[in-house]
Ligand SMILES: Nc1nc2c(ncn2[C@@H]2O[C@H](COP(=O)(O)OP(=O)(O)OP(=O)(O)O)[C@@H](O)[C@H]2O)c(=O)[nH]1
Ligand SMILES: [Mg+2]
């Protein structure tokens, strides 16, 4: 970095391009950010800013935008891109420079957008990204010829390699030094004949400047012949999902034992050092037992995300969505609903935000309404806790682990009910023709070890942070509510019965008795509304304070205290219940009304109660 | 309760509980707008008139959505 240069004026630079061409990967490489990158279209749905300093010391503000094919702005995410480029966003300056990012292996579609972007009146350059893949496949591009023809600089980049952005950085400096002058945008929506002309022009450019080898080393089609095979593809999908859940259970066992042994040791040490009293109880029963019981699930979360990120980067996730559509075809969900639903497996909130790629408002609403039924990662602790307490760890049919099988069915229950609910919505609430499934399938890519590991570490850090902040403080409050007020003089029965938590739990219990929940569960469900996995910690603390804990592990306590019917009923509850206030908040924000979050809460609550009731009563009837 | 150790024990406990309650209140229950105004008033600046968009998406920050915010690499 050159120190002698006095502060250069800063530059605003926007990254535009088709979906899945690597804009966010470039943005991350330039700014050192960690925005989500995945191998399917429609990942970025919001405008994001980041800063970096160019090689000659110019401060640059980079803006990452959602991918688009044109400036027409048909869906909410495309509108964001259009308005950012045309300077229509209130209080937002128009960028000084556009970096058009193209997938070098699929230049044709991007060239159309480049031609359209010329009307934006902003100086621009074209970055041919994914050059590594193009080179591997033997695609050659006449960069100088293309640049001369388009009249803008063209450079090549590899967003995922450490020095793949050098040419881009140099070009940015060169253009900024030469002076950047924007003109008024003279963009207007193209009519049909102009669109056709742009297509022809783009086709001619590709014919002139791009040459494909006779036998392209593109594996995508060959792999797809197997993975998207009508019969075999589904079997492979089931097998993949199945293996993932098996791994979540079997690989995690050992590290989970270590973590829980660590917390036991910590609790014992603390109670040996501190004098018996309030503080000691707070730290052992509240903090260590409560937070510990949630943190134990770190290994499972890491393993699950490892697979999710691996499959995402490889390009299989988009295929999974495609195959799912085959099974449920006719549920009436839009093709573009699948990526939001897949994202909801991590958390419903990014999933709901990802619905911005859906143009049709009703279909967007239908997708938002069912997204929370997908099994989010905050449910994992609750599921695994109950499964490990009540489902024997043995093999059925030779090689299938029963616990993994139950977990798999819980995920399946979420997916099936989401499609069922969507169908109901489409049949009774929003009648209308359903559109065919159209989705571009991304090319397969070799997952990069570094980016997979980084993604996993990032998830782990988020989980730990969450445990250390919001879960920790909620556990402290739960401890307080379970300890105070102290029982009156001469009270019989455990002290916790006289506490706030005991009073609340006993008050709610009659309502929940038909579905088999005891008062401890009632207490745990309330903080679970703020963060699902707090319910696990709350159970641990309530049982520890109540003196009902048998042994150190919460699962041992539960299997001694609950009937199988109660356990199954709680699992059913967690599949459906609207146990997450933040999701409802995001629905309110995204739909701009209270109507939909309220409707969501009501329908999920009713569904949860009915499901638990049916499960509990049938389990009782079967002698559970 | 007159034992100084017991007193210290109680005082520390209440302080921790109070801090946790304040944190939960702040993170979950207070609306974003209110927080923006409060933060700006306390630091002596005038608060921005438009409601500030919430960067994180959700107040609680699930495993997925905290990824929505920009994390700058430490230079
Ligand atoms: N091999 C290779 N892979 C790349 C390159 N750039 C991006 N990728 C991968 O391409 C996929 C898509 O990248 P993203 O950055 O998410 O694409 P995007 O343009 O932001 O997509 P949207 O946000 O959906 O519009 C990811 O799996 C990246 O890891 C590259 O130069 N070489
Ligand atoms: Mg992106």
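Only the coordinates and a few stated rules stand behind these numbers; no lab work does. Keep in mind the model is a prediction, meaning the values are calculated, not measured. Every residue, glycine as well, gets a Cβ built from its backbone with ideal geometry; the counts of neighbours run over all protein chains shown.
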Per-residue average of other protein chain Cβ atoms inside 10 Å, peptide B:9-22 -> 6
Using only Cα atoms, figure out Rg for segment A:480-523 and give it as a multiple of 2.2 N^0.38 Å. 1.19
Report, in degrees rounded to the nearest 10, the 0 to 90 angle that the Cα long axis of helix A:564-576 makes with the longest principal axis of chain A. 30
Whole-Å distance linking the alpha carbon centroid of segment A:191-258 with that of segment A:1-62 is 27
Let me check against my output: what whole-number percent is the relative contact order of chain A, with C-alpha pairs under 8 Å and at least 6 apart? 12
What percent of all Cα-Cα pairs in the protein assembly as shown falls in each 10 Å bin, counting up from 0? 3, 13, 23, 24, 18, 11, 6, 2, 0, 0
Could you state the number of Å between the C-alpha centres of segment A:350-379 and segment A:88-156? 32
Segment A:229-360 - Rg over Rh from alpha carbon coordinates, Kirkwood radius: 1.18
Tilt, helix A:500-512 to longest principal axis of chain A (alpha-carbon atoms), in degrees rounded to tens, equals 80
With no solvent and one point on each alpha carbon, what is the Debye value of log10 I(q)/I(0) for segment A:98-226 at q = 0.12, 0.20 Å⁻¹? -0.52, -1.23
note: segment A:260-310, Cα-Cα separations exceeding 12 Å make up a percent value of 65
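For segment A:11-217, what proportion of DSSP beta bridges, expressed in % and rounded to the nearest 5, is antiparallel?
30
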On the Cα set of segment A:413-523, report Rg and Dmax in Å, please. 24.5, 73
Segment A:1-127 pair-distance distribution - Cα-Cα, 10 Å bins, rounded %: 13, 46, 32, 8, 1
Mind checking A:376-383 for the average number of partner chain beta-carbons within 10 Å of each residue's beta-carbon? 1
Segment A:348-479 - Debye-derived log10 I(q)/I(0), Cα point model, q = 0.10, 0.11 Å⁻¹: -0.56, -0.68
Protection proxy ranking, peptides A:66-74, A:345-353, A:527-535, A:136-144, average beta carbon neighbours within 10 Å, highest first: A:345-353, A:527-535, A:66-74, A:136-144
Longest principal axis of chain A (C-alpha) makes with the long axis of helix A:166-178 (C-alpha) an angle, in degrees to the nearest 10, of 60
In Å and from the alpha-carbon atoms only, list the Rg and Dmax of segment A:11-217. 16.0, 51
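For segment A:459-582, state the semi-axes of the equivalent ellipsoid (square roots of 5 times the eigenvalues of the alpha-carbon gyration tensor), sorted largest first and rounded to whole angstrom.
23, 19, 14
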